[in-house]
Amino acid sequence: MQKYRVAAIHSCFAFLISAVVVALPGCGDPIVDGVAAMNKTKLQQLYNCYKLYSNNHGYQGPVDKETLTTFLLQDQFKTNLKRMQIDRENLDALFLNDRDGKPFKVRWAVNGFGDKAVIFEEEGVNGMRWVALQEAREVDAKEYEALWTGKQKVETVLPSQEAGPEDAGP
């Protein structure tokens, strides 16, 4: 029963994120503010771009960086990227961690990633690294490895129960 409830929560959350990210231009400031709030860090931006791709490809993630970049450069996503505060002319910056400047590790081609981590901070701070799930969270080396290899599924934690990477400090 719990497994199905988690799946339903993930499906509803994915739908809501997609609706906000792909909303039509000119709908007003609440949409712009809402999208900006979900994209405060590069980790969040890259995760949401991965999700945007997946939602447009039968919940199959992109196979590599080039595939995702080519998808994002389509004219139909200009407004999305602008609202997400992503520079279309410098998409390479999207793949660099704003905490340490190192490239993110990405699990490419993940199918149905609602309960799987897909974006990973390479180095982290003080032995802890950020991982993009439904909400980003900081994990130790053991949990990081289990999430990276796909051996551990994501436990559902409500966004109000933990801080995001923007709250972690330098």
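A few points about this structure:
- Heavy-atom accessible area ranking, 1.4 Å probe, most first, across GLU143, GLU66: GLU66, GLU143
- Amide H contacts for GLN60 (H built 1.01 Å from N in the peptide plane; partners 5 or more residues away or on another chain; cut-off under 5 Å): GLY112.
- Cross-link pairs beyond the 25 Å C-alpha cut-off, checked among LYS40/LYS78; LYS78/LYS153; LYS116/LYS142; LYS105/LYS151; LYS42/LYS78: LYS78/LYS153
The values are calculated or read from the model by the stated rules, or taken from the named source; none is laboratory data. As the structure is a prediction and not an experimental result, all values here were calculated from the model. Accessible surface is based on the protein model in full, side chains and every heavy atom, while ligands, DNA and RNA are left aside. Shrake-Rupley method; radii C 1.70, N 1.55, O 1.52, S 1.80 Å.
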